[in-house]
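One structure is given here, and the rest of the page talks about it.
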Amino acid sequence: MTLIIFLLLFILSVLLSLLFIPLIESMFVELNCTCVNYKGQNIPTGMGIAAIPVVILVGTILYFISKDIKVIVVILSAVFMALVGLLDDLIGQKGVKGFKGHIKELIHYHMTTGGLKAVIGFLTALFISVIVSSTYIDIFINTVLIALFTNTLNLMDLRPGRALKVSILLFVLFAIFAHKNIWLLIPVMGFVAAYFPRDIKAFSMLGDTGSNLLGSVVGVYTAISFSFDIRLIIALLLILLQIIAEKYSITKLIESNSILKFFDELGRI
């Protein structure tokens, strides 16, 4: 793909996002689909849903140009994970906290919205991994990557702009170390660029819808772009992060480090 086409599709993604974001934000306000944020403000949540039409529309153009099955994989992963996140945003049960809490409920044969999100998220990750993997061990590693990246971005989305900043950092790392397939990220990068100002100023919230979408796309990109050794290391680091998140507050850990705290609060009101 030429740089001109890349830039044109990125601009199209931004413009489409700017079209859908205010429409969906207004709809959520009218329907009272809001959530109290960390400051106690009642704001629209689940705004990641605005990325779905962008991903599908621009993804369709990407597939028409490339005829590459990876485009379909990215679209499927983004849409499935976002819709599961939307369920949790709209009717999520707040009483059960953490991944461990939802798994405990499942073990006791009690389904929570978080548990349902985990089950469908895992099955979606498995389905996508079967498509992009060539061996059984690849299927296993890629399933772990997609599922845990999805949960990791979810863990990051506890303060305005944080999940988007992590996503941007990952996009930059991909562009440096695994740029061959970077064109697959055009729709998501366009949405992130368009939505970032509203998220960082806490006008509305990505919600599980958005963090799930971003995490799944990052996971899929990692699965198809890196060698087995690199993917294994990343998977182990993600597992370690999930363990840390179960024991400690990610926000408190970030606030305890002056550098992380500076970048976390950068641009926030």
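Each value in this text was obtained by applying a stated rule to the coordinates, not by laboratory testing. Please read these numbers as outputs of a predicted model, since none were measured by experiment. Virtual Cβ from ideal backbone geometry, glycine too; neighbours counted across all protein chains shown.
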Read phi for every residue in region 106-123 and hand back ³J(HN,Hα) as whole Hz from Karplus 6.51 cos²θ - 1.76 cosθ + 1.60, θ = phi - 60°, with x for Gly and Pro. 5, 4, 8, 6, 10, 8, 10, 5, x, x, 5, 4, 5, 5, 5, x, 5, 5
With the contact rule set at Cα under 8 Å and sequence spacing of 6 or more, what percent relative contact order holds for the chain? 29 percent
Run the count for the chain, please: Lys pairs, Cα-Cα under 20 angstrom, 8 or more apart or on different chains. 25
Using the Cα centre as the reference, give the magnitude of the dipole from point charges on the C-beta atoms of the chain (Lys, Arg: +1; Asp, Glu: -1; all else neutral), rounded to the nearest 20 debye. 360 debye
Express in % the proportion of alpha carbon pairs of the chain at distances exceeding 32 Å. 18 percent
Looking at region 14-71, which trypsin sites (Lys or Arg not before Pro) are DSSP coil and have at most 14 other C-beta atoms within 10 Å of their C-beta? 39, 67
Subtract the Cα-Cα distance of residue 259 and residue 120 from 0.36 nm times their separation in residues, and report this length gain in nm to one decimal. 46.4 nm
Separation in nanometres of the label points that stand 7 Å from Cα toward Cβ, at residue 243 and residue 67: 4.8 nm
